[in-house]
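Undergrad: Okay, handing you the structure first.
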Amino acid sequence: MQIADTAERVRDRLKGINLYLIGMMGSGKTTVGRELASTIGYGFCDTDAVIEKVAGQSINDIFKSEGEQAFRELESKVLGELSAYTRLAIATGGGIVLRRENWSYLQQGLVVWLDVPVEILLSRLAGDITRPLLQVPDPAGELQTRLAQRQRLYAQADLRITVTHEETPAQIAARIIETIPTVLKPPINPEN
Ligand SMILES: Nc1ncnc2c1ncn2[C@@H]1O[C@H](COP(=O)(O)OP(=O)(O)O)[C@@H](O)[C@H]1O
Ligand SMILES: O=C(O)C1=C[C@@H](OP(=O)(O)O)[C@@H](O)[C@H](O)C1
Ligand SMILES: [Mg+2]
């Protein structure tokens, strides 16, 4: 079946609930999230982009001037506000899973973990200067340590999409759409 047909069926079955993308920095939440939204006919939002807009500063500058704690507070506030909407694919920041209160919002939707090995994250983020937590002498070690701290939290997602080799964002979005029915309640069929 064409992905467009599958996407239409899945959108109907979702009944407007939001899709939240979680996972490590570089796992493709922003890129795949945008693709997922357009394929399924949802709006797209990125918590980091909204934070930058409301703060009037880049993520780097927020970390520098206010610190991580202040960033996390803004992040929870933005997540809470976005979760009041429906029919959105929401790309989150990699650390969204760290706060318990964030889960009360995430759990209102369907949570998708993009599980991507550290080697791929590193190759994608080589030379990136927009992620303050990776501006350290050993970004590989930093990613490993943070993944070890967060893995059990990411594992709370409804859906785990494992990326073992490079696939295009469109292919990953299609894979998410095809897998969503496995975690939804089966449709009611009164004839059975
Ligand atoms: N499936 C993919 N294949 C190749 N490159 C990708 C893929 N997904 C994301 N990227 C690239 O990896 C980098 C990080 O992606 P991004 O969507 O910003 O990740 P996140 O939001 O999870 O941090 C970007 O340069 C993006 O273009
Ligand atoms: O993992 C993290 O703690 C962070 C991930 C970033 O978003 P991406 O996951 O989109 O890179 C951004 O929210 C901030 O730099 C902190
Ligand atoms: Mg992102």
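Undergrad: Is it the case that segment 105-117 has a residue that's more than 13 Å from ligand 1 (Cβ to nearest atom), open to solvent by 30 Å² or more (accessible area, probe 1.4 Å) and among the aliphatic types (A, V, I, L, M)?
TA: Within segment 105-117 (the criterion being more than 13 Å from ligand 1 (Cβ to nearest atom), open to solvent by 30 Å² or more (accessible area, probe 1.4 Å) and among the aliphatic types (A, V, I, L, M)), the answer is no, since none of the residues qualifies.
Undergrad: Just checking, how many residues over segment 43-66 are open to solvent by 20 Å² or more (accessible area, probe 1.4 Å) and away from ligand 1 (no atom under 12 Å from the Cβ)?
TA: Qualifying residue count, segment 43-66: 16.
Undergrad: I'd like to know if segment 69-77 contains one or more residues that are open to solvent by less than 10 Å² (accessible area, probe 1.4 Å), more than 14 Å from ligand 3 (Cβ to nearest atom) and either β-branched (Val, Ile, Thr) or modelled with pLDDT of 95 or more (or both).
TA: The answer is yes, given that some residue of segment 69-77 is open to solvent by less than 10 Å² (accessible area, probe 1.4 Å), more than 14 Å from ligand 3 (Cβ to nearest atom) and either β-branched (Val, Ile, Thr) or modelled with pLDDT of 95 or more (or both).
Undergrad: Please work out which residue is farthest from the chain's Cα centre (by Cα), limiting yourself to segment 53-107 and to residues that are of a type in the set (D, E, K, R) and within 10 Å of ligand 2 (Cβ to nearest atom).
TA: So, considering only residues that are of a type in the set (D, E, K, R) and within 10 Å of ligand 2 (Cβ to nearest atom), the one farthest from the chain's Cα centre (by Cα) is Glu68.
Undergrad: Now, a different point. How many of the residues in segment 19-58 are within 16 Å of ligand 3 (Cβ to nearest atom), in a loop (DSSP other than H, G, I, E, B) and not small (Gly, Ala, Ser)?
TA: 2
Undergrad: Can you name the helices (runs of 4 or more DSSP H) wholly within segment 108-192 that have at least 2 residues being under 15 Å from the mean Cα position of the chain (by Cα), within 18 Å of Thr6 (Cβ to Cβ) and touching a residue at least 12 places away in the same chain (Cβ under 8 Å)?
TA: Those helices (runs of 4 or more DSSP H) span 169-179.
Undergrad: Return the residues of segment 22-41 that are more than 8 Å from ligand 2 (Cβ to nearest atom) and either open to solvent by less than 20 Å² (accessible area, probe 1.4 Å) or aliphatic (A, V, I, L, M) (or both); say none if nothing qualifies.
TA: Correct list: Ile22, Gly28, Val32, Gly33, Leu36, Ala37, Ile40.
Undergrad: Name every residue in segment 80-104 that is within 16 Å of Asn18 (Cα to Cα), away from ligand 3 (no atom under 16 Å from the Cβ) and either open to solvent by less than 10 Å² (accessible area, probe 1.4 Å) or not acidic (Asp, Glu) (or both), in order of residue number.
TA: Those that are within 16 Å of Asn18 (Cα to Cα), away from ligand 3 (no atom under 16 Å from the Cβ) and either open to solvent by less than 10 Å² (accessible area, probe 1.4 Å) or not acidic (Asp, Glu) (or both): Gly80, Ser83, Ala84, Tyr85, Thr86, Arg87, Trp103, Ser104.
Undergrad: Can Arg160 be described as basic (Lys, Arg), touching a Gly at 6+ places or on another chain (Cβ under 6 Å) and open to solvent by 80 Å² or more (accessible area, probe 1.4 Å)?
TA: no
Undergrad: Is there a residue in segment 133-148 that is away from ligand 2 (no atom under 11 Å from the Cβ) and surrounded by 15 or more Cβ atoms within 10 Å (Cβ to Cβ)?
TA: yes
Undergrad: Is there a residue being closer than 19 Å to Ala155 by Cα, of a type outside the set (S, T, N, Q) and in contact with a Lys or Arg (Cβ under 7 Å, 6 or more places away or on another chain) anywhere in segment 71-80?
TA: Within segment 71-80, not a single residue is closer than 19 Å to Ala155 by Cα, of a type outside the set (S, T, N, Q) and in contact with a Lys or Arg (Cβ under 7 Å, 6 or more places away or on another chain).
Undergrad: Here's something else I'd like to know. Cβ-Cβ below 8 Å, separation at least six or inter-chain, first residue in segment 74-87 and closer than 14 Å to Lys53 by Cα, second open to solvent by 90 Å² or more (accessible area, probe 1.4 Å): which pairs?
TA: Listed by first residue and then by second, the contacts come to Leu74/Val54; Val78/Val54.
The values are calculated or read from the model by the stated rules, or taken from the named source; none is laboratory data. Being a predicted model, the structure only gives us computed values, none of them experimental. So basically every Cβ, Gly included, is an ideal-geometry build from the backbone, and we count neighbours across all protein chains shown. Surface areas here come from the heavy atoms of the whole protein model, side chains and all, with no ligands, DNA or RNA. Shrake-Rupley method; radii C 1.70, N 1.55, O 1.52, S 1.80 Å.
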